[in-house]
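Only one structure is covered here, and it is reproduced in the block below.
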Amino acid sequence: MQTLDTPKTPTSSASDFDTTIHRRKTRPVKVGDVTIGGGYPVVVQSMINEDTLDIEGSVAAIRRLHEIGCEIVRVTVPSMAHAVALAKIKEQLAKTYKPVPLVADVHHNGMKIALEVAKHVDKVRINPGLYVFEKPKDDRSEYTQAEFNEIGEKIRETLKPLVLTLKEQDKAMRIGVNHGSLAERMLFTYGDTPEGMVESALEFIRICESLEFYNIVISLKASRVPVMLAAYRLMVKRMDELGMDYPLHLGVTEAGDGEYGRIKSTAGIGTLLAEGIGDTIRVSLTEAPEKEIPVCYSILQALGLRKTMVEYVACPSCGRTLFNLEEVLDRVRKATKHLTGLDIAVMGCIVNGPGEMADADYGYVGKQAGYISLYRGREEIKKVPEDKGVEELINLIKADGRWVDP
């Protein structure tokens with residue numbers, strides 16, 4: 001019989017509380033000079049909203065995105081003229097900037113456009129629900145297996161030339177399923193469900209595999225986070241059952257704008273990344289594409305998947321705080337935000353200070369009125385007047401050889 005003084009037998013080990021995200025193993029897929037999957041860092045993507053026929057505007061938009069950290073840029077190609085324009089865009093980028101990994105969206109009547117655009121981009125994105133048009137019938141009561149097979153064969157015939165040209169050029173394809181645009185057959189058979197999304201993707205994967213083409217990335221986007229989560233989780237389950245290891249492109253489509261659009265995207269993308277699912281991400285905001293990139297990097301930084309900025313640890317402030325925490329944090333950030341890779345803590349009092357900031361490289365702590373204690377890790381280095389705090393923090397970082405000029 002266990003008494004109050006008897007230590008409890010541990011029911012779990014330290015490994016049960018592993019704080020490292022263990023990413024699902026996937027095959028590497030090259031997109032220009034960037035690799036998706038294969039253990040490489042999660043890749044950040046976005047999409048320009050310029051008309052692809054506007055060569056100068058498109059080149060400028062692609063460059064703006066790439067310069068702020070967007071590693072793969074997508075453009076839309078609704079017509080043959082747009083596909084031809086991509087050749088000029090690619091040429092202009094190489095001449096005036098540098099080569100940028102490009103993806104082209106191909107939707108309706110895709111075969112001729114896709115074959116042309118495959119010459120000029122590094123990856124072609126197709127939407128299975130739109131690639132071959134299926135006219136709905138109001139009086140349909142079932143899809144026979146013969147009808148299923150007939151449409152499947154038509155899809156194969158349409159897709160085969162694109163697959164072969166991508167294979168020949170060692171380029172990639174994204175099979176991009178959208179919850180809102182499933183094919184009529186899939187809707188009728190599975191309903192507007194994650195299962196229908198997964199089966200739609202698998203149909204196209206099998207066609208690619210039958211042609212020995214494996215440079216494939218999969219996405220299953222939805223505008224509702226629970227649907228998006230269910231679709232990706234089911235896709236992983238089915239791929240595991242089938243021995244497939246294709247990388248996944250994560251996104252909550254049509255997330256909207258502002259704070260809610262960012263929260264919605266983070267809820268979907270961040271949840272899956274925390275489960276080890278996902279190899280490349282795009283945050284879809286109804287804003288300028290440049291606004292998407294900081295959100296992507298913030299998600300990755302918060303999960304410890306990429307380090308692209310300074311990590312600031314700061315308490316929420318309370319009655320014990322000995323200085324204006326919001327103002328001080330702003331001053332510290334302005335002085336140090338360029339020091340990518342550092343963790344800096346700004347803590348309002350000694351109660352939260354050393355303990356809460358234990359993992360930080362440097363700490364800025366209010367220990368007594370009018371004075372700041374500066375820490376290196378857990379070690380208190382010096383106490384300085386509050387008005388000298390930021391200056392002395394910089395001096396400490398410089399003394400450690402970790403300072404670089406902005």
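The values are calculated or read from the model by the stated rules, or taken from the named source; none is laboratory data. Just so it is clear, the model here is predicted, and its values are computed rather than measured. Virtual Cβ from ideal backbone geometry, glycine too; neighbours counted across all protein chains shown.
Observations
- Of all residues making up segment 151-185, the number that are more than 29 Å from the chain's Cα centre (by Cα), among the acidic types (Asp, Glu) and at pLDDT 85 or above: 2
- Every residue from segment 360-396 that is of a type in the set (A, V, I, L, M) and touching a helix residue (DSSP H, G or I) at 6+ places or on another chain (Cβ under 8 Å): VAL365, ILE372, LEU374, ILE381, VAL384, VAL390, LEU393, ILE394
- Given (1) of a type outside the set (A, V, I, L, M); (2) out of contact with any strand residue (DSSP E or B) (no Cβ under 6 Å at 6 or more places or on another chain); (3) buried (at least 16 other Cβ atoms within 10 Å of the Cβ), number of the condition LYS154 does not satisfy: (3)
- Any hit, segment 347-366, residues being modelled with pLDDT of 90 or more, farther than 17 Å from PRO385 by Cβ and surrounded by fewer than 19 Cβ atoms within 10 Å (Cβ to Cβ): no
- Test: GLY319 is in a helix (DSSP H, G or I), at pLDDT below 85 and either within 19 Å of ARG402 (Cβ to Cβ) or out of contact with any Ser or Thr (no Cβ under 6 Å at 6 or more places or on another chain) (or both): no
- Hey, LEU285 hydrophobic (A, V, I, L, M, F, W, C), surrounded by fewer than 24 Cβ atoms within 10 Å (Cβ to Cβ) and either modelled with pLDDT under 95 or in contact with a Pro (Cβ under 7 Å, 6 or more places away or on another chain) (or both) or not: yes
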